[in-house]
There are 2 protein chains.
Amino acid sequence: MRFRLLAPGPTPVPEDTLLEMAKPVFYHRSAEFRNLLREVEEDLQYVFQTANPVLPLTSSGTGALEAAVVNCLPAGSKVICLIGGRFGERWRSLCKAFGVEAVSVTVPHGQAVPPEHLARALADHPDARAVCATLSETSTGVGHDIAAFGKLVADTPALLFVDAISGLGAMECRTDDWHIDLCATGSQKALMLPPGLAFLAVSAKAWKVIDANPNPPTFYFDLKKARASLGTLDTPYTPAHTLVRALRLSLKRIRAEGLENLLARHARSAAAARAGFQAMGLELFAARAAGGLTVAKVPAGIDGAALLDRLEKQYGMKLAGGQDHLKGKIIRLAHMGYIDQFDVLTALSGVELVLQEMGYPLEPGAGVAAAQRVLARAIKVP
Amino acid sequence: MRFRLLAPGPTPVPEDTLLEMAKPVFYHRSAEFRNLLREVEEDLQYVFQTANPVLPLTSSGTGALEAAVVNCLPAGSKVICLIGGRFGERWRSLCKAFGVEAVSVTVPHGQAVPPEHLARALADHPDARAVCATLSETSTGVGHDIAAFGKLVADTPALLFVDAISGLGAMECRTDDWHIDLCATGSQKALMLPPGLAFLAVSAKAWKVIDANPNPPTFYFDLKKARASLGTLDTPYTPAHTLVRALRLSLKRIRAEGLENLLARHARSAAAARAGFQAMGLELFAARAAGGLTVAKVPAGIDGAALLDRLEKQYGMKLAGGQDHLKGKIIRLAHMGYIDQFDVLTALSGVELVLQEMGYPLEPGAGVAAAQRVLARAIKVP
């Protein structure tokens with residue numbers, strides 16, 4: 001049976017990138033690597049929509065979030081964490097680990113934090129040093145209005161940290177225009193690579209804070225050292241350099257399509273997924289949808305775990321379920337990176353078939369037809 | 001021209017492992033990954049010669065060293081750092097970053113720290129919480145007598161931290177028998193993988209210290225969390241899981257050969273390299289040789305940088321030079337992991353040819369013949 005990876009990360013890696021990963025290992029302190037890093041850096045700036053350096057880190061995305069916290073926030077300082085799911089909570093746990101006081105602005109899972117809530121928190125806590133936000137809350141499928149957050153934070157001394165791990169490259173993320181001070185992503189989502197690399201774009205406002213923080217308790221994630229190394233097209237420690245070589249291909253692929261086209265395509269996939277689930281009678285979970293995944297509620301009377309299990313065992317489709325208290329209650333379908341509109345159609349087909357098998361009443365073809373109608377809207381008839 | 005990677009890390013990856021890395025990406029929260037982690041864990045314990053858990057970390061080796069320091073040593077505590085090169089110095093820098101006082105026991109580069117020096121330091125500093133040592137000091141080619149260090153440290157409340165990054169799997173490293181409390185390695189040396197994973201074996205004595213240190217300033221490298229996750233065959237954050245899949249092959253390769261045979265083979269390669277360099281009239285740099293690399297002094301009158309450059313440009317051989325003040329003064333040849341005795345012979349041939357071209361007086365064949373004589377000693381004539 002053919003296997004289809006349709007979970008929101010790690011995502012499928014294009015075939016040419018897989019073959020790139022099978023190439024012999026090269027030396028990392030070399031002109032070859034420096035040229036590679038120069039090229040990749042330029043393309044990362046394009047994807048991040050930033051003129052600032054994008055630091056590569058050999059870690060999962062969480063490492064980049066830790067780098068943001070530990071380099072900018074001394075113990076005892078205060079931040080505002082915007083929380084609507086597991087990854088918003090990760091910010092809070094991270095802050096706690098470093099003795100940083102987190103003021104939580106929380107919304108129920110499935111909701112987005114309204115910018116007004118942030119405005120109030122900033123007014124109540126003018127001493128907040130940072131605001132920790134999540135572009136795409138992977139646990140609920142919610143996309144946040146980072147542009148609005150950025151406008152609010154830019155007028156304060158606080159920094160805006162954005163976990164864009166499952167968002168960047170799957171939905172709009174204008175790092176500079178939106179005043180994001182530390183913007184983090186990982187290799188295994190829209191960048192179409194295996195996990196192992198993280199990237200962090202750092203603004204001038206953030207560098208001022210980092211430079212004024214002389215001895216942060218970190219070594220591996222020391223951003224001053226990372227910046228100095230990047231200046232000579234190097235890394236402080238041995239990088240996952242074969243992944244950097246593979247990244248070059250992903251970024252070329254993105255540039256060839258053009259970010260605008262790519263984001264429009266992802267938006268179409270997302271709209272198709274939403275229409276498909278709704279046409280099957282499934283409710284959407286996210287009040288404000290992220291670009292890279294669609295989350296639907298498991299209908300009443302259907303066992304969510306069994307649904308996912310059947311999808312995998314019978315049809316080879318790996319969608320993700322809910323985590324923690326959402327276990328069995330939602331299904332999460334990714335449409336980011338190499339997962340395209342036809343994969344969405346395929347996934348909807350699988351979900352339809354399994355739901356029918358489980359006795360859920362639906363009109364065969366309703367989901368895929370609704371999705372197809374959305375896809376058809378993009379066609380320009382001459 | 002054929003390229004040969006002969007530097008002490010990253011090292012060449014076997015062809016079947018390269019192809020394994022080109023396999024489609026799978027899901028990391030799955031029975032497939034749990035089975036993989038179980039299998040890999042068992043084989044890692046075999047290579048580490050430990051009955052304790054070996055924690056996988058998605059980082060370079062330095063991340064594992066940071067994990068050792070930050071989880072065990074509160075700011076203000078004191079450690080003894082044994083320093084004879086760049087990687088001994090890394091321990092000191094790491095301690096400094098976390099506010100840990102490092103008492104340095106230093107020897108000139110090329111020398112090994114004598115166990116008596118450690119005995120004296122332990123007597124002078126009974127309040128030292130840890131001793132930071134390096135199995136194979138990659139910058140000088142020195143191998144340390146960790147067994148002797150372990151005997152001394154075991155009688156004290158201090159922990160023994162060993163950077164075994166370029167040593168483990170290339171020379172003897174009996175984690176449990178030698179009383180190593182935190183033993184770290186990376187994927188890109190004797191484990192024959194690209195960089196991106198690190199591994200840390202933790203003793204019961206170390207766990208006691210870690211458990212008594214309630215809030216270490218770390219999140220990504222929190223060892224208590226890593227242990228809890230490993231208990232359910234999981235990782236706290238997205239692991240470089242395609243590298244873990246590739247690691248399985250490296251470890252099978254090691255088990256198939258048998259650690260004893262593998263170490264004997266590496267010792268032969270090392271002896272052949274030493275004999276070869278000496279027969280060419282080159283002095284060895286390390287007073288006590290590591291198992292995975294051989295370091296020779298560049299002869300007087302020869303430009304070391306030019307020597308390495310010619311080796312690479314004319315013959316496609318990438319050996320490493322000296323770092324920092326040793327730049328141009330030494331050459332470093334690796335013989336670990338997938339680099340075998342015949343690669344050593346090849347490297348010696350290349351060095352001979354280039355030295356001759358540069359006007360250095362030597363008898364053609366002297367180096368390779370001397371190496372061959374060492375290799376021949378292993379033959380048992382019936």
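Within the range B:296-305, count every residue that is within 27 Å of the chain's Cα centre (by Cα) and open to solvent by 10 Å² or more (accessible area, probe 1.4 Å).
Number satisfying all stated conditions: 4.
How many of the residues making up the range A:91-118 are open to solvent by 40 Å² or more (accessible area, probe 1.4 Å) and closer than 22 Å to A:G150 by Cβ?
Residues in the range A:91-118 being open to solvent by 40 Å² or more (accessible area, probe 1.4 Å) and closer than 22 Å to A:G150 by Cβ: 6 in total.
Specify the residue that is nearest to the other protein chains (Cβ to nearest Cβ); the eligible residues are those in the range A:189-228 that are hydroxyl-bearing (S, T, Y) and closer than 19 Å to B:P217 by Cβ.
For the range A:189-228, the residue satisfying everything is A:Y220.
(1) within 25 Å of B:H179 (Cα to Cα); (2) away from every other protein chain (no Cβ under 14 Å): which one isn't true of B:L57, the others all being true?
(2)
May I ask you to list pairs of residues, at least six apart or on different chains, whose Cβ atoms are under 8 Å apart, with the first in the range A:41-54 being closer than 18 Å to A:M192 by Cα and the second being open to solvent by 40 Å² or more (accessible area, probe 1.4 Å) and in a helix (DSSP H, G or I)?
These pairs meet every condition: A:D43/A:R248; A:D43/A:K252; A:D43/A:R255; A:Y46/A:R255; A:V54/A:Q45.
Quick check on the range B:62-71. Is at least one of its residues aliphatic (A, V, I, L, M) and in contact with an Asp or Glu (Cβ under 7 Å, 6 or more places away or on another chain)? Can you show your working first?
Taking the range B:62-71 and keeping what is aliphatic (A, V, I, L, M), we get B:64-65, B:67-70.
This time we only want the ones that are in contact with an Asp or Glu (Cβ under 7 Å, 6 or more places away or on another chain), so: B:65.
The answer is yes; a qualifying residue exists.
So, in the range A:28-52, how many residues would count as being out of contact with any Asp or Glu (no Cβ under 9 Å at 6 or more places or on another chain), more than 14 Å from chain B (Cβ to nearest Cβ) and surrounded by fewer than 14 Cβ atoms within 10 Å (Cβ to Cβ)?
Of the residues in that region, 3 qualify.
Being open to solvent by 40 Å² or more (accessible area, probe 1.4 Å), under 30 Å from B:P114 (Cα atoms) and under 25 Å from the mean Cα position of the chain (by Cα) is true for just one of B:H335, B:H325. Which residue is that?
None of the others qualify; the one that does is B:H325.
Determine the pairs where a residue that is in contact (Cβ under 8 Å) with a residue 40 or more places away in the chain and small (G, A, S), located within the range A:1-21, has a partner that is in a loop (DSSP other than H, G, I, E, B) and surrounded by fewer than 21 Cβ atoms within 10 Å (Cβ to Cβ) with Cβ atoms under 6 Å apart, the partner being 6 or more residues away or on another chain.
Listed pairs, sorted by first residue: A:A7/B:Y27.
Pairs please, first residue from the range A:76-100 and more than 10 Å from every other protein chain (Cβ to nearest Cβ), second anywhere and open to solvent by 10 Å² or more (accessible area, probe 1.4 Å) and modelled with pLDDT under 95, Cβ atoms under 6 Å, 6+ apart in sequence or on different chains.
Cβ pairs passing all conditions: A:R86/A:Q323.
Give me the residue from the range A:1-27 that is more than 8 Å from chain B (Cβ to nearest Cβ) and open to solvent by 30 Å² or more (accessible area, probe 1.4 Å) and, out of that set, nearest to A:L293 (Cα to Cα).
My answer is A:R4.
Any idea which of (1) more than 16 Å from B:P239 (Cβ to Cβ); (2) of a type in the set (S, T, Y); (3) under 18 Å from the mean Cα position of the chain (by Cα); (4) open to solvent by less than 10 Å² (accessible area, probe 1.4 Å) is the one B:S59 doesn't satisfy?
Tallying (1) more than 16 Å from B:P239 (Cβ to Cβ); (2) of a type in the set (S, T, Y); (3) under 18 Å from the mean Cα position of the chain (by Cα); (4) open to solvent by less than 10 Å² (accessible area, probe 1.4 Å), B:S59 fails exactly one: (1).
From the list B:T235, B:T242, exactly one residue is out of contact with any strand residue (DSSP E or B) (no Cβ under 7 Å at 6 or more places or on another chain), of a type in the set (S, T, Y) and farther than 25 Å from B:P299 by Cα. Which is it?
Values: B:T235 fails: out of contact with any strand residue (DSSP E or B) (no Cβ under 7 Å at 6 or more places or on another chain).
From the options B:T235, B:T242, the qualifying one is B:T242.
Is it fair to say A:R274 is touching a strand residue (DSSP E or B) at 6+ places or on another chain (Cβ under 9 Å) and crowded, with 18+ Cβ neighbours inside 10 Å?
When the stated conditions are applied, A:R274 passes them.
Check off (1) open to solvent by 20 Å² or more (accessible area, probe 1.4 Å); (2) aliphatic (A, V, I, L, M); (3) over 24 Å from the mean Cα position of the chain (by Cα) for A:M280 and give me the number that stays unchecked.
If we test A:M280 against (1) open to solvent by 20 Å² or more (accessible area, probe 1.4 Å); (2) aliphatic (A, V, I, L, M); (3) over 24 Å from the mean Cα position of the chain (by Cα), just (1) comes out false.
So, B:A67, is that one surrounded by fewer than 19 Cβ atoms within 10 Å (Cβ to Cβ), more than 26 Å from B:A289 (Cα to Cα) and either in contact with a Phe, Trp or Tyr (Cβ under 7 Å, 6 or more places away or on another chain) or more than 12 Å from every other protein chain (Cβ to nearest Cβ) (or both) or not?
no
Is there any pair linking a residue in the range A:132-147 that is under 17 Å from A:F277 (Cβ atoms) to one that is among the basic types (K, R) and open to solvent by 10 Å² or more (accessible area, probe 1.4 Å), with Cβ under 7 Å and at least six apart or on different chains, and which?
A:G141/A:R332; A:V142/A:R288; A:G143/A:R288
Regarding B:A370, is this residue under 14 Å from B:L282 (Cα atoms) and among the aliphatic types (A, V, I, L, M)?
yes
Collect the residues in the range A:229-261 that are part of a helix (DSSP H, G or I), more than 14 Å from every other protein chain (Cβ to nearest Cβ) and open to solvent by 10 Å² or more (accessible area, probe 1.4 Å), keeping them in residue-number order.
Residues satisfying the conditions are A:L230, A:G231, A:R248, A:K252, A:R253, A:R255, A:A256, A:E257, A:L259, A:E260, A:N261.
The values are calculated or read from the model by the stated rules, or taken from the named source; none is laboratory data. This is a predicted model, so every value here is computed, not measured. FYI the Cβ positions are ideal-geometry reconstructions off the backbone, even for glycines, and counts take in every protein chain you see. Each accessible area value is taken on the protein alone, full model and side chains, heavy atoms only, with ligands, DNA and RNA left out. Shrake-Rupley method; radii C 1.70, N 1.55, O 1.52, S 1.80 Å.
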